[in-house]
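Okay, so here's the structure we're looking at.
The values are calculated or read from the model by the stated rules, or taken from the named source; none is laboratory data. This structure is a prediction, so every number in the text was calculated from the model and none was measured. When we count neighbours, we look across all protein chains shown, and the Cβ atoms used for this are built from the backbone with ideal geometry, even at glycine.
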Amino acid sequence: MKKEHPSIVILAAGDFPKAEKPLRALHEADLRICCDSAAEELVAYGLEPDHIVGDLDSLSPQFRACYADSITHVEEQDDNDLTKTFHYALTFHPSRITILGATGKREDHTLGNISLLLDYAREADCPVEILTDYGYFKAIFDTVTLSCAPGQPVSIFAFDNSLKIESAGLKYPTDQVRFDSLWKATLNEALSETFTLRLSHPCGVLLFFADHF
């Protein structure tokens with residue numbers, strides 16, 4: 001029986017996950033939706049894609065024939081395959097979207113995919129995260145208190161040099177940081193099980209939480 005609001009994993013065509021956490025997400029998802037050639041990697045791993053989305057330029061003819069019933073062909077070139085797949089995933093009214101395989105292989109794809117998370121989080125009516133072998137990215141847009149593990153590395157990426165962020169619960173206060181370069185608030189550390197970021201005005205901010213520490 002199909003869930004009305006499924007949890008969805010989107011598998012992009014970067015590095016296939018190897019760590020326990022993203023692989024568990026891959027196994028436990030209600031729906032697995034693949035970006036183009038990522039579907040072949042998923043099948044090689046031993047799982048089946050529920051849906052395959054993209055311009056299909058990276059899929060072999062044999063694979064396209066075998067999974068024809070699962071394929072949605074999107075030809076337009078204004079968006080990359082991950083964005084096409086994300087928009088397709090939204091049609092299922094998901095409860096959560098977890099993106100795997102967004103990093104690796106090519107650095108330009110990695111940077112582009114991570115930056116797109118801000119757009120995705122604005123569009124979706126559910127939590128959206130990029131999960132990697134090393135941690136996860138999430139987007140915030142206003143003052144927030146977040147759960148974490150004591151000692152967990154946290155990096156903050158903002159794209160507005162007029163933004164001020166007051167922090168509580170981080171090893172290195174961000175109050176005096178000017179966000180005019182991506183490295184400015186990276187490699188911080190949570191002091192307890194929560195920390196708070198107070199934004200001077202609503203703004204898209206990306207956070208990375210490292211899992212291995």
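Any residue at all in region 157-178 that is in a loop (DSSP other than H, G, I, E, B), under 30 Å from Ala13 (Cβ atoms) and of a type outside the set (S, T, N, Q)? The answer is yes; a qualifying residue exists.
Matching residues to (1) among the hydroxyl-bearing types (Ser, Thr, Tyr); (2) in a helix (DSSP H, G or I); (3) under 14 Å from Ala102 (Cα atoms):
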site: Ile10; (1), (2), (3): no, no, yes
site: Ala13; (1), (2), (3): no, no, yes
site: Pro17; (1), (2), (3): no, no, yes
site: Arg24; (1), (2), (3): no, yes, no
site: Cys34; (1), (2), (3): no, no, yes
site: Ala44; (1), (2), (3): no, yes, no
site: Pro49; (1), (2), (3): no, no, no
site: Val53; (1), (2), (3): no, no, no
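Among residues of region 182-199 that are closer than 14 Å to Phe213 by Cα, those with a Cβ under 7 angstrom from a residue that is among the hydroxyl-bearing types (Ser, Thr, Tyr) and in a strand (DSSP E or B), sequence gap 6+ or separate chain, pair up as Leu187/Ser155; Asn188/Ser155.
Once region 86-113 is narrowed to residues that are hydrophobic (A, V, I, L, M, F, W, C), in contact with a strand residue (DSSP E or B) (Cβ under 7 Å, 6 or more places away or on another chain) and assigned to a helix (DSSP H, G or I), the residue that is farthest from Phe208 (Cα to Cα) is Ala89.
Looking only at region 179-198, count how many residues are assigned to a strand (DSSP E or B) and either within 22 Å of the chain's Cα centre (by Cα) or hydroxyl-bearing (Ser, Thr, Tyr) (or both). Give the steps one after another, and end with the answer.
Of region 179-198, the ones assigned to a strand (DSSP E or B) are 185-190, 194-198.
Applying the additional criterion that residues be either within 22 Å of the chain's Cα centre (by Cα) or hydroxyl-bearing (Ser, Thr, Tyr) (or both) yields 185-190, 194-197.
Number satisfying all stated conditions: 10.
Here's the yes/no breakdown for (1) under 28 Å from Glu20 (Cα atoms); (2) modelled with pLDDT under 95:
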residue: Asp125; (1), (2): yes, yes
residue: Thr143; (1), (2): no, no
residue: Gly151; (1), (2): yes, no
residue: Ser167; (1), (2): no, no
residue: Phe179; (1), (2): no, yes
residue: Leu187; (1), (2): yes, no
residue: Phe195; (1), (2): yes, no
residue: Pro202; (1), (2): no, no
residue: Phe208; (1), (2): yes, no
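Asp79 passes every criterion in (1) surrounded by 21 or more Cβ atoms within 10 Å (Cβ to Cβ); (2) under 22 Å from Arg122 (Cα atoms); (3) acidic (Asp, Glu) apart from (1).
Quick one: would you say Leu170 is over 16 Å from Tyr134 (Cβ atoms) and surrounded by 19 or more Cβ atoms within 10 Å (Cβ to Cβ)? Yes, satisfied. Looking only at residues of region 42-64 that are loosely packed, with under 15 Cβ neighbours inside 10 Å and among the acidic types (Asp, Glu), we find that the one that is farthest from Glu75 (Cα to Cα) is Glu48. Filtered by the rule that a residue be within 19 Å of Tyr136 (Cβ to Cβ), modelled with pLDDT of 95 or more and surrounded by fewer than 19 Cβ atoms within 10 Å (Cβ to Cβ), region 88-109 gives Ser95, Arg96.
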